[in-house]
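Beneath this line is the structure, given in structure tokens, with notes to follow.
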Amino acid sequence: MNPRILFYPLSSILLILLFIGSCTPFKILLTEKSKGDPFSRVYAVPLKDFHPRLNQALQKYSKENPGNSFQVTRLGSDLVIIRGFYQKESNQARLSVVIMTKPVGAGKSRLEIKPSANQGGAFPGLDVASAGELFQIFEKETGFLPVE
């Protein structure tokens, strides 16, 4: 078989793929790759300023939405833990969650949302959507946005 016959179609396909790839916004590829853990986000706020605003946002949400409750169970300079129950709608089961914040560098704090340990590992209710809703509650109230 003649190699030229194979070369032309393959080079055409390669050029088409390169053209399509160059049309795809690079930012979309970066954001998809950098999402990482959907239960954790980093904010450019020092922990001493971060956790009081987090607690305030959760307490406000609890007052406005019956079935929700949150309380600080550990307060320290290296870790703050808030335990609570999250319920988006009144007909939804309450999710027992642990919300942890800790410093992760100069002027940055990490916020993590995990299922409560007393659930015995089986916790079907806490999914990416529920964690995302909790992040949105905090971000909407404080105006803090995660860093990439």
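The values are calculated or read from the model by the stated rules, or taken from the named source; none is laboratory data. Note that the structure is predicted; figures quoted are calculated from it, not measured. Using ideal geometry, Cβ is built from the backbone for each residue, glycine included, and neighbour counts are taken over all protein chains shown.
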Please work out which one of (1) of a type in the set (Ser, Thr, Tyr); (2) assigned to a strand (DSSP E or B); (3) at pLDDT below 90 is the condition Thr101 fails and give its number.
-> (3)
Qualifying positions in region 77-120 - touching a residue at least 60 places away in the same chain (Cβ under 8 Å) and surrounded by fewer than 17 Cβ atoms within 10 Å (Cβ to Cβ) = Val104, Gly107, Lys108, Glu112, Lys114
